[in-house]
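Heads up: the structure comes next, in structure tokens.
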């Protein structure tokens, strides 16, 4: 079996990889926070009527 | 031999940004002032808003202000790069690519307006959108590089947060938030021109026509004094109109007189050293002034609320 070929193009340094990971985490937290924000807005805007579901 | 092409490719293709760099694109110090003034506009407004919705509204206004800061840094990266005060910002220092800042600012602008509109009402949402538009398009793109009146007219963007806060509660605009708007609007020129006198060379290098760079020294100093004088009647107006109490009235009066005092110090400074000292006094003092008058309004409101609750629990 031949050795895996070197991939072409730019290769990230460890520092760049760490920064990318931190950016990804921040984006993840931002999206999760936004979901929570819309959930909270919905609950507090609708109040008790959120439970009112006519069949 | 270094390969310039590869270096350039690397620089443009690989983001070197840390999440904290994006946070500093939002100009956190400006944001804190926006949060404070918007909160005061909100608590003074007649009517009630659920505290959680109120907090979300303040958060949305802060993010909207931050987004306009990011868009400002995207557009002004060339100016920032040649000015000592701003050269270390994320874009001129190469940590964030201009395109990243543009997308970041645009996304946050849209989201902040959407959240404020959905959480409160669309008058507040529309006013926030207008504030961002005014700061980015009218001030940053239109006025800043063209006229010495840049920060006078552009000051409207910084003065709008209490109006947005008021609208978040009432769904409209009234004379009270417009008075708060006028206070910040009239406060802006002396505050920034004091800095512009000290940073005159920086602005000259960047080609930004701040008043000290295009008008005579005397003219600039007189205009600083004029705006500070105008600030006194507008500052005490909330007291006479009944939405500011004695604490506020005294703070605004003493603060207004101090603003004029510092401005006279600039007018009378007869050498470079004294002028710089006087400018820093007005610059720092003006921040204290704005903080003090809005804090007085907030304290009076909190005191009134505590009194009502106490009376209610005793009755």
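Read-outs throughout are calculated quantities, based only on the coordinates presented, and are distinct from any laboratory measurement. Here the structure is a predicted model, which means the values were calculated and not measured. All Cβ positions, glycine included, derive from the backbone under ideal geometry; neighbour counts span all protein chains shown.
For region A:39-55, which residues satisfy the criterion of being within 11 Å of another protein chain (Cβ to nearest Cβ) and loosely packed, with under 11 Cβ neighbours inside 10 Å? Within region A:39-55, A:47 is the sole residue that qualifies. Between B:153, B:179, B:138, B:184, the distinction of being crowded, with 21+ Cβ neighbours inside 10 Å, under 18 Å from the mean Cα position of the chain (by Cα), away from every other protein chain (no Cβ under 14 Å) and not in a loop (DSSP other than H, G, I, E, B) belongs to B:184 only. Filtering region A:4-38 down to residues that are assigned to a helix (DSSP H, G or I) and more than 19 Å from the chain's Cα centre (by Cα), which residue is nearest to the other protein chains (Cβ to nearest Cβ)? So, considering only residues that are assigned to a helix (DSSP H, G or I) and more than 19 Å from the chain's Cα centre (by Cα), the one nearest to the other protein chains (Cβ to nearest Cβ) is A:16. Being touching a helix residue (DSSP H, G or I) at 6+ places or on another chain (Cβ under 9 Å), free of Cβ contacts under 8 Å to residues at least 12 places away in the same chain and in a helix (DSSP H, G or I) is a condition met by no residue of region B:61-74. Working only within region B:75-106, note down all residues that are in contact (Cβ under 8 Å) with a residue 12 or more places away in the chain, surrounded by fewer than 15 Cβ atoms within 10 Å (Cβ to Cβ) and under 28 Å from residue A:41 (Cα atoms). Matches in region B:75-106: none.
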